[in-house]
Amino acid sequence: MSDTIPADIADKTDVTPAAETPCQDDSTRKASAIELRGLHKRFGRDTVALDGVDLHIQAGEFFTLLGPSGCGKTTLLRILAGLEEPDQGTLMVGGKELTEVPPHRRSVNTVFQSYALFPHLSVRDNLAFGLKMRGLPAAKRDAKVDEIADFIKLGDLVDRRVDQLSGGQRQRIALARALVCEPDVLLLDEPLSALDAGLRSQLQVELQRLQKRLGMTFVFVTHDQDEAMVMSDRIAVLDGGNIQQVGAPSDVYERPANAFVARFMGHDNLFAIHRSEGDWVETEIGRMRLLPEEQRDTSDGWLLVRPETLELGPEVPEGYNRMEGIVRERLYRGSRIEYRLEVNGQVVMAVASNLGQRIHREGDEVTISVCPEDLVRVAA
Amino acid sequence: MVEITQHTMRRRAVVSEMRHLLFSVTPGAAWIIIFLVLPSAYLMGVAFMTNGPYGLPQMPLTLDAFERLAGFGFLGWSPGNLYTLLRSLWQTLLSTTLVVLVAYPIAYYITTCRERWRPIMLLAVVVPSWTNQVIRTFGWMNLLAPGTPLAELAEGLGLIAPNMGLYPSNFAVTLGLVYNFLPFMVLPLYAAFEKLDTAQVEAAQDLYASPARAFWHAVFPQTLPGLLAGIVLVAIPAFGMYVIPELLGGGKGMMLGNLVATQFSGGSNWPLGAAGAILMLIATFIGLFAMRRIGKRLGGGEEVVI
Amino acid sequence: MSKRALKRGLTGFWWLTLFFLYLPLAVVVLFSFNSANSSASFSGVSLRWYHRLLGNEQILSAFANSMVLAVVSSVVALVIGCLIGYGMYRHRHRKLGWLIVLIYLPIVLPDIVFGISEMAFFVQIHQATGLLKPGLGTMIIAHVTFQIPFVALIVYSRFVGLDPTLFEAAKDLYATPFKRVLHFMLPTIKPALISAFFLSFTLSIDDFVISFFTAGPESATLPIYIWGAIKKGVSPEINAIASLMIGAVAVAAILSLVFSRRRQT
């Protein structure tokens, strides 16, 4: 556990699974793959929420739907939950077609953004609600609830009233309420967005650990790319009702499929390519050499230069691309230093680890070098 | 794999939604239509029919009832009904004004008291209205009867003739109306005072200095929506009041409600009574409409009026 | 005028108003214990009027009528009003202006117009078909009509105050439509249902005008009986029965205070 988190918060919000995993036998067996084909969904006449989505989510995967608000990620999640019916297309979970199956007959549970804990019930009854609706006898319900409470270390929270819980506690109860039903798939709709930053980053790690222990298929919705990268096995980036890219966090971050994905993943250093020629491209910030596999026939597109790949210093290693720039701004962040540079009239961001080398000052003229292997060509 | 077309899925969803709407809303809507809308429509129809034997309506259609209501009878024009109508208007106006004058300081006073006392104070104002209207009015009959201290005081001051008592009289009706409707005005005014933006009042005191002007420019406009809601709650039922004038008013204190009721309970003239009811409805809807218009102009928004 | 003088003046006015509000009720209660048959002078404490009540079958049957009317109409209105309140909530995004008008109609219609139109209508239906004979049945119908809107509005506002995702959570947690009603909706709106029932009950007991016009010869309620007694000539017995009704209201007031206090803490 991170020691940057105050003891009292850490104490209340520890969701690290206990050594024993009670649901393990069941859940590893139950983990299901999801297959989406040609999903279309429209609201009203003009709003297209999903515009032909095909997606395969593997069994036991932590899969994240990432995108700005209105991109269709929540609609997709709601279709998985059965709370929304697609206009066209099919949904299969664990090999069974679920497109028209109502939510109460799907072995899929959701952790809602507002947590949606029933105000008229105690925490214990909230946890037991799904089991009760499935017709499990009271004794078995109690046993399962105790088990999950133990597993997620809810402690005495189980005997509280819902209105006595803090945000973080509600989040854990909502999670436990969904998990206790041992669903084939767990859906999480921005479950951490209402929490403050410290608690949030702690829960990100712990939620991911929990998923690995359970081996359950998690589908997670967020608009926060850092959150998505920390937690996910794979990420689907959505925009305008279409999937822009699917891949592991490193793929999506390092090799974004297009300019939208690159910008959404937080990349600022995107420079228009004017002309390609052999291994070389002509860009806004000068002539650069790329690896042969980055070359395309078309001359449009963008060059992505990740700030951490830029080296500032007089000597340029053999085969590196070289630029001349001026430091316009410097942000000292302790472990690293961020520079806002001006190259060829363009703003270029660079990040240097603080390893004791020379720190440049505003106004300094610097030589910038970058290895061709680190340059990525991004489609428009 | 089954390709489900957009069309059939949409239509199925719409059909199930409509069925749901029908199932939930129909019983109540049908109840109100059958047992209130149809009867009211029938009553309106009766107003245009001829008065038959035993006061029951008959064909053909005629405007006789409205002429009678305006005072034209077999013996020519008499002002009786017109007086009743004017009296109803006057009593409504007078009692509403008096209720405002009493309720305004009371509502303000409650908001100046400590927070834990306020619900109790409001309850204290409202509780008398939980008792049946007939009993409350009967209480006033006890108080205003000949020989009671109040009646003797009035006698001593020369306000009434000896051994007459303070009721039946128009004064007693006004008193009864004010008593009856006071809580209906206090509640919305209290709500308005409670929401009062004190920063505005302080700013006003800062700028104008005079308390009277601060009240007029900063306090009064903010309480206006509550005041309007209160006026609707008081004036509309006061205009149609039946019990109070019947018990406290006597023949010379009759209001429109009594005129209407007499035409039905005595079995004397349904069309005339129905015409009176139409008049009352028109007044009600004009009142509601006017308040809505003024309320909208003030930006009071959609304050629910119950 | 100084602030303190204003406050003192308002305090005086407050107590004066309270005196005005409670004086008529106090007089009724006081004279219910009067040993003499007079409403002008008090000549000694006695319970004779209360004793008389117990022997008065008309009063006992009027009391029974009032109770049956209030309970039955409140239950019927609760069911119908609850459905319509839920319908209004579920379909609040549709244009339901006509429904809102319909629901407000019983509230805004003057009592006398309400009562008379129902009476005239019932009489005609009765003459034509033999149904709807004036009596408890017609009174129940009339009372349900004015109770429905209040139940519907209370239930509606409770639903509007809920997090809409709760409905989805219930679906997501395997509740069938029937179980959603039984285990989620009804328990969640229970407080609203309780207060709607008590409001309906109070409105029914409180009503005189509508009952008066829709009643039959056998179905007089307490207020109708009291009305008749007053019209015949004031009798101290009325003070006794009226005092009992005031007592019931006082109990209800104390209960509501206790409950609202408990809810706050």
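The values are calculated or read from the model by the stated rules, or taken from the named source; none is laboratory data. These figures come from a predicted structure and were not determined experimentally. Please note: Cβ atoms are built from the backbone with ideal geometry, for glycine as well, and neighbour counts cover all protein chains shown.
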### Query
C:Ser35 passes all but one of (1) out of contact with any strand residue (DSSP E or B) (no Cβ under 7 Å at 6 or more places or on another chain); (2) exposed (fewer than 15 other Cβ atoms within 10 Å of the Cβ); which number fails?
(1)
### Summary
Condition set at the interface with chain B (Cβ under 10 Å from one of its Cβ atoms) and aliphatic (A, V, I, L, M), scope segment C:233-243, selection farthest from C:Val29 (Cα to Cα): answer is C:Val234
### Query
Restricted to segment A:88-99, and to residues that are surrounded by fewer than 18 Cβ atoms within 10 Å (Cβ to Cβ) and in contact (Cβ under 8 Å) with a residue 12 or more places away in the chain, which residue is farthest from the other protein chains (Cβ to nearest Cβ)?
A:Gly94
### Criterion (of a type in the set (A, V, I, L, M), at pLDDT below 95 and within 21 Å of the chain's Cα centre (by Cα)) met by exactly one of A:Val93, A:Val48, A:Val15
A:Val15
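Specify which of the listed residues (B:Thr137, B:Thr131, B:Thr112) is of a type in the set (Ser, Thr, Tyr) and closer than 30 Å to B:Leu272 by Cα. Before you say what the answer is, go through the steps one by one.
Working: B:Thr131 fails: closer than 30 Å to B:Leu272 by Cα; B:Thr112 fails: closer than 30 Å to B:Leu272 by Cα.
The match here is B:Thr137.
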### Message
Exactly one of these conditions fails for B:Thr284: (1) in contact (Cβ under 8 Å) with a residue 60 or more places away in the chain; (2) within 11 Å of chain C (Cβ to nearest Cβ); (3) in contact with a Phe, Trp or Tyr (Cβ under 8 Å, 6 or more places away or on another chain). Give me its number.
### Response
(1)
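This table checks each residue for (1) modelled with pLDDT of 90 or more; (2) within 7 Å of another protein chain (Cβ to nearest Cβ); (3) farther than 23 Å from C:Ala253 by Cβ; (4) out of contact with any His (no Cβ under 9 Å at 6 or more places or on another chain).
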| residue | (1), (2), (3), (4) |
| --- | --- |
| B:Thr97 | yes, no, yes, yes |
| B:Val102 | yes, yes, no, yes |
| B:Arg114 | no, no, no, yes |
| B:Asn142 | no, yes, no, yes |
| B:Ala151 | no, no, yes, yes |
| B:Leu157 | no, no, yes, yes |
| B:Phe171 | yes, no, yes, yes |
### Task
Might you let me know whether segment C:19-41 holds any residue that is away from chain B (no Cβ under 13 Å) and more than 29 Å from B:Glu152 (Cα to Cα)?
no
### Task
Tell me, please, whether a residue that is hydrophobic (A, V, I, L, M, F, W, C), surrounded by fewer than 22 Cβ atoms within 10 Å (Cβ to Cβ) and outside any helix (DSSP H, G or I) can be found in segment B:212-227.
no
### Query
Just checking, how many residues over segment B:116-134 are facing chain C (nearest Cβ under 8 Å) and of a type in the set (Ser, Thr, Tyr)?
1
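Where in segment B:93-187 are there helices (runs of 4 or more DSSP H), lying fully within it, with 2 or more residues that are closer than 16 Å to C:Leu16 by Cα? Spell out the reasoning first.
Values: elements: B:118-126, B:133-144, B:149-156.
Answer list for segment B:93-187: B:118-126.
Quick grid of which residues meet (1) among the acidic types (Asp, Glu); (2) surrounded by 20 or more Cβ atoms within 10 Å (Cβ to Cβ); (3) under 27 Å from the mean Cα position of the chain (by Cα):
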residue	(1), (2), (3)
A:Leu76	no, yes, yes
A:Ile79	no, yes, yes
A:Val101	no, no, no
A:Ser107	no, no, yes
A:Gln113	no, no, yes
A:Ala116	no, yes, yes
### Query
Considering only strands (runs of 3 or more DSSP E) fully contained in segment A:222-306, which possess at least 2 residues that are of a type in the set (Gly, Ala, Ser)?
A:270-277
## Note on the structure
Within segment C:139-193, of all residues that are among the hydroxyl-bearing types (Ser, Thr, Tyr) and either in a helix (DSSP H, G or I) or more than 12 Å from chain A (Cβ to nearest Cβ) (or both), the one farthest from the chain's Cα centre (by Cα) is C:Thr165
### Task
Quick one: which residue in B:Phe264, B:Phe289 is out of contact with any helix residue (DSSP H, G or I) (no Cβ under 9 Å at 6 or more places or on another chain) and modelled with pLDDT under 90?
B:Phe289
### Query
Filter segment C:108-138 for residues that are surrounded by fewer than 16 Cβ atoms within 10 Å (Cβ to Cβ) and closer than 18 Å to B:Leu43 by Cα; which is nearest to the other protein chains (Cβ to nearest Cβ)?
C:Gln127
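Listed here are the residues, each with its yes/no results for (1) modelled with pLDDT under 95; (2) assigned by TED's automatic domain parsing to the domain that holds A:Val305; (3) surrounded by fewer than 18 Cβ atoms within 10 Å (Cβ to Cβ).
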| residue | (1), (2), (3) |
| --- | --- |
| A:Val237 | no, no, no |
| A:Gly240 | yes, no, yes |
| A:Ala248 | no, no, yes |
| A:Asp251 | yes, no, yes |
| A:Ala272 | yes, yes, yes |
| A:Arg275 | yes, yes, yes |
| A:Gly278 | yes, yes, yes |
| A:Glu282 | yes, yes, yes |
| A:Leu290 | yes, yes, no |
### Message
For segment A:189-209, which positions are under 10 Å from A:Gln171 (Cβ atoms) and aliphatic (A, V, I, L, M)?
### Response
A:Leu192, A:Ala194, A:Leu195, A:Leu199, A:Leu203, A:Leu207
### Selected residue (only one of C:Thr221, C:Thr202 is under 19 Å from C:Val144 (Cβ atoms), within 15 Å of the chain's Cα centre (by Cα), within 8 Å of another protein chain (Cβ to nearest Cβ) and of a type in the set (Ser, Thr, Tyr))
C:Thr202
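Being surrounded by 22 or more Cβ atoms within 10 Å (Cβ to Cβ), touching a Ser or Thr at 6+ places or on another chain (Cβ under 8 Å) and of a type in the set (A, V, I, L, M, F, W, C) is the requirement here; does A:Leu131 meet it?
Working: surrounded by 22 or more Cβ atoms within 10 Å (Cβ to Cβ): yes; touching a Ser or Thr at 6+ places or on another chain (Cβ under 8 Å): no; of a type in the set (A, V, I, L, M, F, W, C): yes.
Considered against the rule, which asks whether it is surrounded by 22 or more Cβ atoms within 10 Å (Cβ to Cβ), touching a Ser or Thr at 6+ places or on another chain (Cβ under 8 Å) and of a type in the set (A, V, I, L, M, F, W, C), A:Leu131 comes out as no.
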### Query
Would a scan of segment A:336-352 turn up a residue that is outside any strand (DSSP E or B), of a type outside the set (Val, Ile, Thr) and farther than 29 Å from A:Pro256 by Cα?
no
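Which of the residues spanning segment A:49-58 are in contact (Cβ under 8 Å) with a residue 60 or more places away in the chain and surrounded by fewer than 17 Cβ atoms within 10 Å (Cβ to Cβ)? Break it down stepwise before answering.
Keep residues of segment A:49-58 that are in contact (Cβ under 8 Å) with a residue 60 or more places away in the chain, which gives A:49-55, A:57-58.
Within segment A:49-58, A:Asp51, A:Gly52, A:Asp54, A:Gln58 meet the criteria.
Being more than 9 Å from every other protein chain (Cβ to nearest Cβ) and either among the aliphatic types (A, V, I, L, M) or out of contact with any strand residue (DSSP E or B) (no Cβ under 9 Å at 6 or more places or on another chain) (or both) narrows it down to one residue among A:Leu55, A:Leu121, A:Leu117; which is it?
Details: A:Leu121 fails: more than 9 Å from every other protein chain (Cβ to nearest Cβ); A:Leu117 fails: more than 9 Å from every other protein chain (Cβ to nearest Cβ).
Criteria check complete, one pass: A:Leu55.
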